[in-house]
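Remarks on the structure that follows.
The values are calculated or read from the model by the stated rules, or taken from the named source; none is laboratory data. Predicted model, so just to flag it, every value in this text is computed and none were measured. All Cβ positions, even for glycine, are placed from backbone atoms using ideal geometry, and neighbour counts span all protein chains on display. Side chains included, ligands, DNA and RNA excluded: accessible areas come from the protein's heavy atoms. Shrake-Rupley method; radii C 1.70, N 1.55, O 1.52, S 1.80 Å.
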Amino acid sequence: MSETPSAARETPWYQSVNSTSLDAHARVQDRWALDYVQLSEGIFQGHIENIHLPQLTLVHETLNVATRQRGRLNDSAYGFALRDPSSEDFFSNGRRMPANAIMCGKGDEIDITTPEQSGFIGMAVQRDLLEPLWQAMYRKPLAAWLEQHLVLETTTVKAAALWTHHRAAMAQARELIDRQVGLSSLLQLRDEVLTQWLEALPAQVDISDLPSLKRRQQLVDQACERMMAQVDAPESLLSVCSHLGVSVRKLNYCFQDVLGISPNKYHKLLRLNGLHRALMRASAQDNVQDIAALWGFWHLSQLAQDYKRQFKVLPSETLRRAQRD
């Protein structure tokens with residue numbers, strides 16, 4: 001395919017990084033704006049591999065703990081992802097993402113909940129590359145449903161072939177970049193892997209349930225905003241529901257449907273994650289009690305138990321490590 005002048009100037013590169021904190025893991029992906037919340041217990045370990053080619057980035061990510069990932073790629077990009085079939089179900093923008101399902105849509109909003117010991121492959125492609133290839137393949141404009149955020153089931157055979165081809169393409173791209181071959185070989189590889197992703201998509205897409213999914217996701221987002229409005233004096237679930245005008249039962253149903261977790265548990269995890277980040281960024285003058293109070297934790301003995309259960313270290317250990325570093 002022909003390249004725009006700006007695309008032709010893009011220099012291919014790759015990175016492969018192991019990280020031991022959610023913040024470090026997010027910073028590796030500095031081309032995008034992503035935020036992570038750790039949902040399950042354990043010492044975080046993640047691996048991210050990115051291959052950046054003109055107008056397209058290939059990704060392989062693995063995580064040992066359950067997370068919620070929120071953020072954006074950019075407004076001109078479209079994201080596609082396929083989970084490791086050996087992982088448990090993901091949740092993507094309010095939809096359960098079973099095996100052999102492709103997450104796809106506009107890159108202006110990413111909201112993924114991953115299980116423990118999970119992995120997925122994905123790509124972010126610019127519209128200037130995607131649109132002409134789509135028209136060449138299907139003889140029609142880019143599908144309007146790609147402007148949404150969908151989970152589309154494909155066949156077991158296509159999903160397995162896509163996983164194999166994507167991982168092989170990443171390995172080949174690394175080799176070509178290391179050898180500093182001409183750009184034409186990498187562009188051919190890029191177009192091949194993009195075509196493979198598009199061919200794995202189903203021929204027919206039903207988005208009739210999208211309005212109800214969006215309503216449930218919006219309710220969850222509104223509840224989360226309310227929960228975090230005053231972290232030093234957290235509201236009860238009943239108060240949050242009263243403010244939003246919904247029943248506790250309905251809010252619980254929406255959280256389970258969108259994130260696979262109860263609102264009470266998610267609220268506590270949000271605050272624990274916030275405290276964890278604050279302790280990791282603390283200065284020499286800070287202490288656990290003052291920082292904990294900012295996040296609404298007043299009973300330090302109970303906090304120590306909950307924090308250690310979640311992150312496998314005491315709050316004081318995280319603080320000492322930050323002050324030492």
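Anything in segment 134-172 that is under 17 Å from Leu58 (Cβ atoms) and either outside any helix (DSSP H, G or I) or open to solvent by 20 Å² or more (accessible area, probe 1.4 Å) (or both)? List them, or say none.
Looking only at segment 134-172, we keep the residues that are under 17 Å from Leu58 (Cβ atoms), and these are 159, 161-172.
If the condition is that a residue be under 17 Å from Leu58 (Cβ atoms) and either outside any helix (DSSP H, G or I) or open to solvent by 20 Å² or more (accessible area, probe 1.4 Å) (or both), then Ala161, Trp163, Thr164, His165, Arg167, Ala168, Ala171, Gln172 are the ones that fit.
Do we have Thr67 as surrounded by 22 or more Cβ atoms within 10 Å (Cβ to Cβ), modelled with pLDDT of 95 or more and polar (S, T, N, Q) here?
yes
Among (1) open to solvent by less than 20 Å² (accessible area, probe 1.4 Å); (2) aliphatic (A, V, I, L, M); (3) more than 15 Å from Pro234 (Cβ to Cβ); (4) at pLDDT 95 or above, where does Leu259 come up short?
(4)
Would you please list the contacts, defined by Cβ atoms under 9 Å and residues six or more apart or on different chains, that run from a residue in segment 305-325 that is at positive phi to a residue that is open to solvent by less than 20 Å² (accessible area, probe 1.4 Å)?
Listed pairs, sorted by first residue: Lys312/Gly42.
Mind listing whichever residues of segment 91-115 are part of a loop (DSSP other than H, G, I, E, B), open to solvent by 10 Å² or more (accessible area, probe 1.4 Å) and farther than 23 Å from Arg127 by Cβ?
Initial filter on segment 91-115 (part of a loop (DSSP other than H, G, I, E, B)): 93-94, 98-100, 107-109, 115.
Of the ones still in play, those that are also open to solvent by 10 Å² or more (accessible area, probe 1.4 Å) are 93, 98-100, 108-109, 115.
Those that are part of a loop (DSSP other than H, G, I, E, B), open to solvent by 10 Å² or more (accessible area, probe 1.4 Å) and farther than 23 Å from Arg127 by Cβ: Pro98, Ala99, Asn100, Pro115.
Which of the residues spanning segment 63-85 are assigned to a strand (DSSP E or B), of a type outside the set (Ser, Thr, Tyr), in contact (Cβ under 8 Å) with a residue 60 or more places away in the chain and more than 30 Å from Tyr307 (Cβ to Cβ)? If you could, list the steps in order and put the result at the bottom.
Initially, segment 63-85 is screened for residues assigned to a strand (DSSP E or B), giving 63, 67-72, 77-83.
The next check asks that each one be of a type outside the set (Ser, Thr, Tyr); those that pass are 63, 68-72, 77, 79-83.
Now restrict to residues that are in contact (Cβ under 8 Å) with a residue 60 or more places away in the chain: 68, 80, 82.
Across segment 63-85, the qualifying residues are Phe80, Leu82.
Every residue in segment 27-62 that is outside any strand (DSSP E or B), touching a residue at least 24 places away in the same chain (Cβ under 8 Å), closer than 23 Å to Phe80 by Cβ and not aromatic (Phe, Trp, Tyr), please. Write out each step before concluding.
At the first step, the residues of segment 27-62 found to be outside any strand (DSSP E or B) are 27-32, 39-45, 54-55.
Those still in the list that are touching a residue at least 24 places away in the same chain (Cβ under 8 Å) too: 31-32, 39-45, 54-55.
Next, only the ones that are closer than 23 Å to Phe80 by Cβ stay: 31-32, 54-55.
Arg31, Pro54, Gln55, listed by residue number.
Name the single residue that is least open to solvent (accessible area, probe 1.4 Å) among those in segment 225-235 being in contact with a helix residue (DSSP H, G or I) (Cβ under 7 Å, 6 or more places away or on another chain) and in contact (Cβ under 8 Å) with a residue 24 or more places away in the chain.
The initial filter retains those residues of segment 225-235 that are in contact with a helix residue (DSSP H, G or I) (Cβ under 7 Å, 6 or more places away or on another chain), namely 226-228, 231-232, 234-235.
Going one step further and asking which of them are in contact (Cβ under 8 Å) with a residue 24 or more places away in the chain, we end up with 227-228, 231-232, 234.
Details: Met227: 4, Met228: 63, Val231: 28, Asp232: 77, Pro234: 49 Å².
Per the stated criteria, the residue is Met227.
Could you list all residues from segment 177-188 that are part of a helix (DSSP H, G or I), aliphatic (A, V, I, L, M) and open to solvent by 20 Å² or more (accessible area, probe 1.4 Å)? Lay out the reasoning, then the answer.
Taking segment 177-188 as the starting set, the residues that turn out to be part of a helix (DSSP H, G or I) are 177-179, 183-188.
Subset that is aliphatic (A, V, I, L, M): 177, 183, 186-187.
Residues satisfying the conditions are Ile177, Leu183, Leu187.
Scan segment 120-131 and tell me whether some residue there is among the aliphatic types (A, V, I, L, M) and in a helix (DSSP H, G or I). Reasoning before the result, please.
Pass one, segment 120-131, residues among the aliphatic types (A, V, I, L, M): 121, 123-125, 129-130.
Keeping just the survivors that are in a helix (DSSP H, G or I) gives 129-130.
Taking every residue of segment 120-131 in turn, at least one turns out to be among the aliphatic types (A, V, I, L, M) and in a helix (DSSP H, G or I).
Being open to solvent by 60 Å² or more (accessible area, probe 1.4 Å), aliphatic (A, V, I, L, M), out of contact with any Lys or Arg (no Cβ under 8 Å at 6 or more places or on another chain) and closer than 20 Å to Asp325 by Cα is the filter here, so list the residues in segment 279-304 that pass it.
Of everything in segment 279-304, just one residue is open to solvent by 60 Å² or more (accessible area, probe 1.4 Å), aliphatic (A, V, I, L, M), out of contact with any Lys or Arg (no Cβ under 8 Å at 6 or more places or on another chain) and closer than 20 Å to Asp325 by Cα, namely Ala284.
Residue by residue through segment 276-325, note down the ones that are assigned to a helix (DSSP H, G or I) and touching a Gly at 6+ places or on another chain (Cβ under 9 Å). Don't jump to the end; show me each part of the working.
In the first step, residues of segment 276-325 are kept if they are assigned to a helix (DSSP H, G or I); the result is 276-280, 288-294, 300-311, 315-324.
Leu294, Gln310, Phe311 - these are the residues of segment 276-325 that are assigned to a helix (DSSP H, G or I) and touching a Gly at 6+ places or on another chain (Cβ under 9 Å).
Against the condition touching a residue at least 40 places away in the same chain (Cβ under 8 Å), open to solvent by 30 Å² or more (accessible area, probe 1.4 Å) and over 21 Å from Pro211 (Cβ atoms), how does Glu88 come out, does it pass? Spell out how you get there, then give the answer.
Details: touching a residue at least 40 places away in the same chain (Cβ under 8 Å): no; open to solvent by 30 Å² or more (accessible area, probe 1.4 Å): yes; over 21 Å from Pro211 (Cβ atoms): yes.
The answer is no for Glu88.
Looking only at segment 243-260, decide whether some residue is of a type in the set (A, V, I, L, M), touching a residue at least 24 places away in the same chain (Cβ under 8 Å) and touching a strand residue (DSSP E or B) at 6+ places or on another chain (Cβ under 9 Å).
So in segment 243-260, the residues of a type in the set (A, V, I, L, M) come out as 244, 246, 248, 251, 258-259.
Among the residues that remain, those that are also touching a residue at least 24 places away in the same chain (Cβ under 8 Å) are: 244, 246, 251, 258-259.
Subset that is touching a strand residue (DSSP E or B) at 6+ places or on another chain (Cβ under 9 Å): 258-259.
Yes, because at least one residue in segment 243-260 is of a type in the set (A, V, I, L, M), touching a residue at least 24 places away in the same chain (Cβ under 8 Å) and touching a strand residue (DSSP E or B) at 6+ places or on another chain (Cβ under 9 Å).
Regarding Ile51, is this residue at pLDDT 90 or above and surrounded by fewer than 19 Cβ atoms within 10 Å (Cβ to Cβ)? Give the derivation first.
Numbers: at pLDDT 90 or above: yes; surrounded by fewer than 19 Cβ atoms within 10 Å (Cβ to Cβ): no.
In short, no.
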